[in-house]
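Notes to accompany the following structure.
The values are calculated or read from the model by the stated rules, or taken from the named source; none is laboratory data. It should be emphasised that the depicted structure is a prediction, and the values quoted were computed from it without experimental measurement. Here Cβ is always computed from backbone atoms with ideal geometry, including for glycine, and neighbour counts include all displayed protein chains.
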Amino acid sequence: MPIADCAYVRSDYQPPAGGVRPASYQPPSAGGLVVRPAVLGSSGLSVRPVASQPGQGPGAWYIYRCASGGERDALYRAPVWIPDAAPGTGPAPDPEALAEQARNQLRLAGPAIGMSPVADQMVRLPTWLWLDPAGWQQVAATAAAGGVSVTAVAKPVAVVWSLGDGGTVTCTGPGTPFPAGADPKSASPDCGYTYTRRSLDEAGGTFAVTAAVRWDVTWAGAGQTGVFPGLTTVSTTAARVIDVPALTTGGG
């Protein structure tokens, strides 16, 4: 599905008296770009302020809006003060160049791996696989120059698990943590695997388990949109897989 036509647009916004000053932007004295990466906080995505004082010189507050058929962007972005470009400073910045700068500022953390139902995985019993849901969120970064602002957004879309014994599983979400007290023979509803051989016969006695998260990256600004090649973040852990006949066969 095409992304919405979203961008910072000039507005008559005024910061609240005595409130927290929204993020601001000021071009560097030597020219070029200033990038304000968005960061994930307790209240969602926000924009880090740069060292400048909004309101000095001609300019305006810009707010983020999407203009495609009823579609809304769930990411919150604070109003940004952008000074007007000085006369004779040359053509407006290229939105694609700004988009590249914004993409380079995306901060994607490696996934935090979870496996269960117990510390040691067991042959022929289902293993639940999941990632920390806090890391399965959209991440954004914004670059601005000369009154033009472009935002790049990375969205996690799939995780490929390599289980160390030659098996792989692809899941379209972070997976479900194993519920405390659940039947260890129950299977994960959305992301799981069952080992058929133990790791104790391998060098080191464990399997190397890898989770590789694929991110789709899009950008929007200055009335334009685009798509970047996807990004991947990877984490690895060691899993010891044992064979306990009494548990896997139901024997005494």
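Does THR127 fit the bill of being under 30 Å from SER11 (Cα atoms) and touching a residue at least 60 places away in the same chain (Cβ under 8 Å)? For THR127, the condition - under 30 Å from SER11 (Cα atoms) and touching a residue at least 60 places away in the same chain (Cβ under 8 Å) - is not met. Looking across the stretch 133-143, just one residue is farther than 25 Å from GLY192 by Cβ and either touching a Pro at 6+ places or on another chain (Cβ under 6 Å) or at pLDDT below 90 (or both), and that is ALA141.
Which one is nearest to PRO179 (Cα to Cα) among residues in the stretch 82-132 that are modelled with pLDDT under 90 and assigned to a strand (DSSP E or B)? Selected residue: ILE82.
Condition (residue is touching a residue at least 24 places away in the same chain (Cβ under 8 Å) and of a type in the set (D, E, K, R)) applied to the stretch 177-184: is it met by at least one residue? The answer is no; no qualifying residue exists.
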